[in-house]
Amino acid sequence: MRGFGVRDGERDTYVAWIEAAHADGQIGEADRDLRVSRARGAETRDELQTLTRDLQPVVPRPGDRKSTRLNSSHTDISRM
């Protein structure tokens, strides 16, 4: 196994990112289910990053339940 070990909080952050990408229409339900399952079982940061590499970061708009994509595709979720 390569990479650093992860804690539950990191897994939760990545699961939230996957869920937001699904809500944003970036991935379908089956893809979301697969990614969430793999994220919850991930043992390294490399595994988590692989699951989200192709997703655009999503942030909620103030006062709105919808979300909008961030302009930068280089946001490093591992720092969260």
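Which ones in the stretch 2-58 are open to solvent by 80 Å² or more (accessible area, probe 1.4 Å) and touching a strand residue (DSSP E or B) at 6+ places or on another chain (Cβ under 7 Å)?
Arg2, Phe4, Ala23, Glu43
Which condition number in (1) part of a loop (DSSP other than H, G, I, E, B); (2) at pLDDT 60 or above is the one that Ser72 fails?
In the conditions (1) part of a loop (DSSP other than H, G, I, E, B); (2) at pLDDT 60 or above, Ser72 misses (2) alone.
Every residue, every condition in (1) of a type in the set (D, E, K, R); (2) under 11 Å from the mean Cα position of the chain (by Cα); (3) modelled with pLDDT of 95 or more, yes or no:
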position: Gly5; (1), (2), (3): no, no, no
position: His22; (1), (2), (3): no, yes, yes
position: Glu29; (1), (2), (3): yes, no, yes
position: Asp33; (1), (2), (3): yes, no, yes
position: Ala42; (1), (2), (3): no, no, yes
position: Asp64; (1), (2), (3): yes, no, no
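The values are calculated or read from the model by the stated rules, or taken from the named source; none is laboratory data. Remember, it's a predicted structure, so these values are computed and weren't measured experimentally. So basically every Cβ, Gly included, is an ideal-geometry build from the backbone, and we count neighbours across all protein chains shown. We work out accessible area using only protein heavy atoms, side chains counted, and drop any ligands, DNA or RNA first. Shrake-Rupley method; radii C 1.70, N 1.55, O 1.52, S 1.80 Å.
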